[in-house]
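Report on one structure; see the data block that follows.
The values are calculated or read from the model by the stated rules, or taken from the named source; none is laboratory data. The structure displayed is predicted, hence computed values, not measured ones. Reconstructed Cβ throughout: ideal geometry from the backbone, glycine too, with neighbour counts over all protein chains shown. When the accessible area is computed, the model is the full protein with side chains, heavy atoms only, and any ligands, DNA or RNA have been set aside. Shrake-Rupley method; radii C 1.70, N 1.55, O 1.52, S 1.80 Å.
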Amino acid sequence: MTTFEDLGVREDLLRGIADMGFETPMPVQEKVIPVLLDGDHDLVGLAQTGTGKTAAFGLPVIQRVDISDKRTQALILAPTRELCLQIAGDLADYSKYIDGLEVLPVYGGSSIESQIRALKRGVQIIVATPGRLIDLINRGVVKLDRVHTVVLDEADEMLNMGFVDSINDILSHVPDDRKMLMFSATMPAEVAKIAKRFMKEPQEVVIGTRNEGAKNVRHIYYMVNARDKYLALKRVVDNSPNIYAIVFCRTRRDTQEIADNLIRDGYNAEALHGDLSQQQRDIVMKKFRDRVVRILVATDVAARGLDVDDLTHVINYGLPEDTAVYTHRSGRTGRAGKTGVSIAIIHSREKGRLREIERIIGKKFEHKEVPTPEHIIEKQLYNLADRLERVEVNEDEISRYLPGVLKKLSWLSTEDLLKRVLSLEFNRLLDYYKDAPKIDFIDEKPAKERKGKEKGTKEKGAKRTDAEKDRRTAEKGMARIYVNVGKADGFFAGNLIDMLNKNIPGHRVDVGRIDLLPNYSLFDVRKGDASRVVAALKGLDFFGKRIFSEIADKDRDYASASARKEKSSRKSKKERR
């Protein structure tokens, strides 16, 4: 197994990275470090964020610096203030055992006078954003004539942000014989032009393949009607109890609106976009890094440079026009060897864009149904049970309070106590999802119905389409139950679950697929539970309507039968009046 020492990393640097927990080099480090330390070529590195590239260029950059010379010898350019600070901080950690090395982050939004004072004292490595660096060059404070190493990090991002002229200007001030390294997640034409103009026979290092998504990321999409996107977002969040995510939006207005809605609905969220002041941005980003905020709703530009390793999800509230933007978004999760999920919430008109992204990144999106209320609540309950099992109990402190509490609650059984604990946590979710509908977009009409329309055939009354037959057919291992109440009666999934829980003794009945129709409903239960479910439901009263239930007959036309019964019932009521 290769070690950092095998790659030629110096002893004082080995001590610094050992303190940080570095054990063995990541693939990008194995490829880049030897080239920067000993190679004669410039280098283009194609790699996603989170692959370990800061150490890949940072360690050799530090090792190539002459500590006795206080002039600037290495320049690292980054697109944003946040990434600039992160790189400078990492370099300081790597070099903690090297006396006399000065690393300075140079960026806008901070006092230029304090940066000038530091530069005058002598700085060997400058980590800078292009705009502020040009300002300091024009003031005559920064001299780059002794620079032997230049690094462009996230070059494609810098070009997307309009820094191409600034980069050209900066590179015109460094010596021709310097070594140059350029990192980019993708290789658009503008990045290739910079490589051709300023680099000498650059060697290309590719981690993965060009423009592909990060290796440890699952790509999932949910398709809903455009009006249901926010509802789908809430279900995705509710279905992931320990979520730590960035939700990407296209516009500042959408970003603020969605964040405001999430906060109003009780979620731990904040917005990050260009209308915020730098102080507001810093506060939001600190809260997110410290996990005080669990959901950050952001525009692509505002989130650049936000470096967080432990994101569980990246959620695309719609797909970006540029595939490179999607690559950057998804690359923010599944980092440092961890797994992550990139979710796209789309409507039907975005499906073509999805297929194009699949083709370019070389990954297939999984189509999933939007989580159902039942699944969400069950997942949240299990998560609470897991938290209860793992909570650390301070026996000494809590024991003094237990006798009084136990006395007060002694009349409750274990089951009653547990129900109350769960209800404290979940009443909001239970109330919200009580009558929640299914919101998936139905992408295609049943084949038989479509064929009938093409022939121009129209039938009066109920049609026996494939979809209707499917409603009457249970899933494997399940039995289909018919009940004579539906949406027209105000009967929804929550009513059904409540009815089953209250009227069926013994073990809990697991309910599968539920189809709610205007005048009747069909649902699946395990075959072994079917008889007792039918028996328990028969004769119950639902707001004045007497319940009838049976194991569904797959050949019976329940739609027509229910319509006839409803018509007969209305006629009888009219005659009685």
Picking from PHE4, PHE22, which residue would you name as being closer than 24 Å to ASP66 by Cβ and in a loop (DSSP other than H, G, I, E, B)? PHE4
Give the number of residues within the range 359-375 that are open to solvent by 60 Å² or more (accessible area, probe 1.4 Å), of a type in the set (Lys, Arg) and over 21 Å from ALA493 (Cα atoms). 2
LEU296 - would you say it is open to solvent by less than 10 Å² (accessible area, probe 1.4 Å) and over 16 Å from the mean Cα position of the chain (by Cα)? no
Conditions (1) at pLDDT 85 or above; (2) buried (at least 23 other Cβ atoms within 10 Å of the Cβ); number of the one not met by GLN63: (2)
Within the range 519-565, which residues are of a type in the set (A, V, I, L, M), under 16 Å from LYS487 (Cβ atoms) and at pLDDT 85 or above? LEU522, ILE547
With (1) out of contact with any Leu (no Cβ under 6 Å at 6 or more places or on another chain); (2) modelled with pLDDT of 85 or more as the list, and LEU43 as the residue in question, which single condition is left unmet? (1)
Report, by residue number, each residue of the range 310-363 that is in contact with a helix residue (DSSP H, G or I) (Cβ under 7 Å, 6 or more places away or on another chain) and in a strand (DSSP E or B). VAL314, ILE315, ASN316, SER342, ILE343, ALA344, ILE345, ILE346
Pairs under 8 Å by beta carbon, first residue closer than 28 Å to ASP66 by Cα in the range 149-177, partner open to solvent by 60 Å² or more (accessible area, probe 1.4 Å), six or more apart or different chains? THR149/ARG64; ASN168/ARG197; HIS173/ASP145; VAL174/ASP145; PRO175/ASP145; PRO175/ARG146
Do we find a residue being within 23 Å of ALA195 (Cβ to Cβ) and assigned to a helix (DSSP H, G or I) anywhere in the range 63-81? no
Restricting the search to the range 391-442, which residues are acidic (Asp, Glu) and open to solvent by less than 100 Å² (accessible area, probe 1.4 Å)? GLU397, ASP416, GLU425, ASP435, ASP440
At pLDDT below 80, open to solvent by less than 100 Å² (accessible area, probe 1.4 Å), among the small types (Gly, Ala, Ser) and part of a loop (DSSP other than H, G, I, E, B): does that describe GLY452? no
Candidate set from the range 272-289 (those that are hydrophobic (A, V, I, L, M, F, W, C) and over 14 Å from TYR244 (Cα atoms)); member that is modelled with the lowest pLDDT: LEU276
